[in-house]
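Take a look at the structure below.
The values are calculated or read from the model by the stated rules, or taken from the named source; none is laboratory data. From a predicted model like this one, the values you see are computed outputs, not experimental measurements. For neighbour counting, all protein chains shown are included, and Cβ atoms are generated from backbone atoms with ideal geometry for every residue, glycine included.
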Amino acid sequence: MSNDIPRQRPLERFWPYADLPEQPTEQELAALDPELQEALFGARPGPFSITIVFADDAPGFARALEIARGSAEFRETGTGAAHRYRARFWSSDANRLKDLFEIVGEADGTEVLIDDRPVPYARELWLPLVWLLIQR
């Protein structure tokens, strides 16, 4: 090694890499998969939720998409054949949940998630329990 003083001081950033912020933005946090978000930040306290995940192959899709966009949380995931729409509803919004499920419920690719997790008998047990909220 030489004892000469360097003529230039190296930059502290690495060019040509993008200058990214150290903290994720609100949009990036909202786009995280719920399981990853729970692993990183812990379980979020919040109300009971039911999420309907569906594709664009249902008849009446335009109306279903309109209802889904009015949900508490709406996201589009995947591309091509794996493109899905996720609409999360709180138990207080049982009417719109039922309206959406009546449109997309019969499609093969439709999933019902309870608090963002697949639960046995979600269609057969949990949804009818929520429908009882409408009866009151």
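Of all residues in region 50-96 being over 14 Å from the mean Cα position of the chain (by Cα) and hydroxyl-bearing (Ser, Thr, Tyr), which is surrounded by the fewest Cβ atoms within 10 Å (Cβ to Cβ)? Among them, the one singled out is Thr79. Restricting attention to region 109-136, the residues being modelled with pLDDT under 85 and in contact with a Pro (Cβ under 8 Å, 6 or more places away or on another chain) number 1.
The residues on offer are Glu106, Glu26, and the sole one that is farther than 28 Å from Leu132 by Cβ and either under 14 Å from the mean Cα position of the chain (by Cα) or at pLDDT below 90 (or both) is Glu26. Each residue in region 107-121 was checked for being closer than 23 Å to Gly60 by Cα and surrounded by 13 or more Cβ atoms within 10 Å (Cβ to Cβ), and 6 pass.
Consider Glu35 against the criteria (1) modelled with pLDDT of 80 or more; (2) assigned to a helix (DSSP H, G or I): it satisfies all of them except one. Which criterion is unmet? Condition not satisfied by Glu35: (1).
Output the residues belonging to region 84-108 that are touching an Asp or Glu at 6+ places or on another chain (Cβ under 7 Å) and in a loop (DSSP other than H, G, I, E, B). Within region 84-108, just Ala107 meets the criteria.
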